[in-house]
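Values in this text are rule-based calculations from the coordinates and carry no lab data. None of the values given here were measured: they were computed from a predicted structure. Cβ: placed from backbone, ideal geometry, glycine included. Neighbour counts: every protein chain shown.
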Amino acid sequence: MWRRLLWLFLLLPLVSVPLRAEDQLIRIGVLSHRGYQATYDAWSPTATYLSRVIPGHEFEVVPLDFPEVDPAVKFGQVDFILVNPGIYVNLEVRYRISRIATLNNLAGGHVNNVFGGVIFTRSDRRDINTLDDLKGKSLMAVDVTSLGGFQMAWREMRTRGLDPYRDSSSFSFGGIHDEVVRAVRDGRVDVGTVRTDILERMAIAHEINLEDFKVINPKVNPGFLLNRSTRLYPEWPFSKVLHTSNELAQKVAVALLNMPSSHPAARAGNYAGWTIPLDYQSVHDLFKELQLPPYEYSGRFTLADAIKKYWYWLLIALFFLVFMLLMTTWVSRLNRELKKAKQYLERQYELILNSVADGIIGVDMDGNTTFANRAMTQITGWSLADLIGRNQHQILHHTRADGTSHPADQCPVYATCHDQIPRYVDDDVFWKKDGSCFPVEYSSTPIRDEQFKTVGSVVVFRDISDRKRISEEARQHQDDLAHVARLSTMGEMASGIAHEINQPLTAIATNAHACIRMLESGHSETERVIDVMERIGAQAARAGEIIRHLRQFVKKEQPELSQIDVNEVINEVITLLRTEIRRAGVKVVLDLEDSIGMVLALHVQIDQVILNLARNAIEAMDEVPEGARVLSITTRNEPEHYVRVSISDTGTGLDPAVADQLFNPFVTTKPNGMGLGLSISQGIIEAHKGRIFVESGEQRGVRFVFLLPTSEEEIQNHE
């Protein structure tokens, strides 16, 4: 550190020279084989020295990694280049650079203008002593283009029949010399190779201890005192790039050759000045022997050499020619087969189209019919001549089922053509040629051409007249079954209802006789007679209300829907069940929300559902002590416009064996039950777009819950 500070102090006058505006910037590219910072610290003083001795020019150092050297010279990013002799030889051939001086290297107090490579390992590796021992060991070099850090050692190994790529257990590059030394020292690799003077420089800098390393294949030369394992080659040349003028190159060469060996700039770079350019033939010989660029192919290039070098390209070309011949033959045969297949497919297409029982028509972007199958003509009565080329909407789809006009801009078929979205319509009408309509379900799917552009749509429809008729018959059968169930329920409740009616009739008769006696006595008071007559009227109204509820429940309902208040329906059912509730000793708890939503439904069917669930709850509490029999009915408005009705009891609960099948027909927990009540209730609720399910009670018993949607008018009023 103190030596660097001394050099910087000595160079301070040089650095302090200001750059004049007219000075030309000259860039010196330097191979950064020990890292960017180390390269900049070592060679910046040399650039400063040249700036001082060559007026009108300002020199700066550009550190270059191994892969950066070639593009820097190729694209004129530097004016001078300082690299190892191996890279110089390639640059000389490729880009015609010229050496103007050779470095006098300084290491350990010795000045040399030649250098070599060092193959080394740790001193404690007793199994590695000669080059032959390198086989099967891990090896690290500096870079594939590093002369002293790889190529020199490769030449020595080659003379012993060794190939670092093939014979090493692993082979890698460290990028800089110091990294290779550290990798060997730390035991990450077995063997390393660097240029001469690297080990000595790192030892002087106290980064390593030379005694920790052992040189393999050592060579001795009285005039070269550094550790080495290879032959010697000339040191790094300082070269000018092609675009640099000869006049400037001459000035730089003179300045370098005149630099004293003890100059601070030389000391900073660990060298002892410069000498005239040496002969680099030995480097050429090394590259020829290793067949490295620019001597990849030495000697006469024969046809055998071409085949040997480019055999895979020749093989690929031959394979390609054979492949093209086979493909041409195959394509010709395919064309013939495609023509036959096209004709066959056209026949098959027509056969399949006409064999489908559903009607099929094709529609273009303007809504005109492009094709139709046989079923289409049979169902509608329209012939192909009537359909092809004519607007399908005006023929088939012009009017709705209620007789109102169906605008073309609302036609799903048109919409599919324009937004390319498939559509399915489950209930609509098409019109026949005779002017009658029939119910259909149909799908409209876009048709695309080879470029995936929509060119129309295909419509597949089915006549659902029979399905709707069967559905109507099933609904009628369901209504009949529900009616029979209500009659059966009334039969079971007959005695209780008769008792309910008998009470007001008895009261009417008693009060009527009392009124007659008062009138016959001749001294009755008018007010007392009026009071008795009012009692008779109240009892008559009570009996009439019971009879009205009874008649409404047992009548066969009409299919018209009406808006009903679920709370009123619940009160009507409780009136019908009052005798049965009293006889069973059941306490009724009603928790009915006042502002409950109106439901669009069949009044008598909702009556039946509530009655079925309430009677089931009463019967489920037969085995419970009388004080604990509670029937709770709750109504609430639910989110998303639903009414929730809950009917719960305090009975013994459900049998797990039938819990999952509770709503299936003929499944019952009663000894004499038919198992139809819950099944009918489920059918009624689902027909009203609702849902029914069962929940376990909070402590005991069962809670049946059903949800019904509120009517559209009610929704609009709330909104």
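Each residue of the range 162-174 was assigned a 3J(HN,Hα) from its phi angle through the Karplus curve 6.51 cos²θ - 1.76 cosθ + 1.60 (θ = phi - 60°); the sequence is 9, 10, x, 6, 9, 8, 8, 5, 8, 9, 9, 10, x Hz, with glycine and proline shown as x.
When the range 195-242 is described by a simple charge dipole with +1 on each Lys and Arg Cβ and -1 on each Asp and Glu Cβ, the residue from F213, W236, L199 located farthest towards its positive end is W236. Once backbone amide H atoms are built at 1.01 Å from N, F115 has Y233, E235 as its partners under 5 Å, excluding neighbours fewer than 5 places away on the same chain. Listed peptides 593-605, 408-420, 508-520 appear in the order 593-605, 408-420, 508-520 once ranked by packing, highest mean of other Cβ atoms within 10 Å at the front.
Ordered by the count of other Cβ atoms within 10 Å of each Cβ, fewest first, Y280, Y312 give Y312, Y280. Per-residue 3J(HN,Hα) values for the range 445-456, derived from phi via the Karplus relation 6.51 cos²θ - 1.76 cosθ + 1.60 with θ = phi - 60°, read 10, x, 10, 10, 8, 4, 8, 6, 8, 5, 10, x Hz in sequence order (x marks Gly and Pro). The lysines whose alpha-carbon is closer than 21 Å to the alpha-carbon of K468, local same-chain residues fewer than 8 away aside, are K432, K689. For the range 278-285, the Karplus equation 6.51 cos²θ - 1.76 cosθ + 1.60, evaluated at θ = phi - 60°, returns couplings of 7, 8, 9, 5, 4, 5, 4, 4 Hz by residue, with Gly and Pro reported as x. With the cut-off at 1.5 for a/c, could you classify the range 360-436 from its C-alpha gyration tensor as rounded, prolate or oblate? Note, shape of the range 360-436 comes out oblate. When the pairs K339/K433; K74/K251; K135/K219; K342/K433 are compared against a 29 Å limit on Cα-Cα distance, K339/K433; K342/K433 fall above it. Less than 5 angstrom separates the built amide H of D65 from those of S32, all sequence-distant by 5 or more or on a different chain. For a modelled paramagnetic label at S282, 7 Å from Cα along Cα-to-Cβ, the residues of the range 124-155 in reach, with backbone nitrogen under 18 Å, are 146-155.
Counting only DSSP beta bridges with both residues in the range 356-463, tell me the antiparallel percent, nearest 5. Don't skip to the answer; put the middle values down first.
Values: 27 of 28 bridges.
Taking every DSSP beta bridge within the range 356-463, about 95 percent pair in antiparallel fashion.
By the count of other C-beta atoms within 10 Å, a proxy for reagent exposure, H284, H206, H243 are ordered fewest to most as H206, H243, H284. Amide H contacts for S146 (H built 1.01 Å from N in the peptide plane; partners 5 or more residues away or on another chain; cut-off under 5 Å): Q151.
Separation of the range 74-135 and the range 360-389, taken as the distance between their Cα centroids, equals 87 angstrom.
Backbone N atoms of the range 379-413 closer than 20 Å to the 7 Å Cα→Cβ label point of N354 belong to residues 379-389. Straight-line cross-link reach from K309 at under 25 Å between alpha-carbon atoms covers these lysines, not counting any fewer than eight positions away in the same chain: K288.
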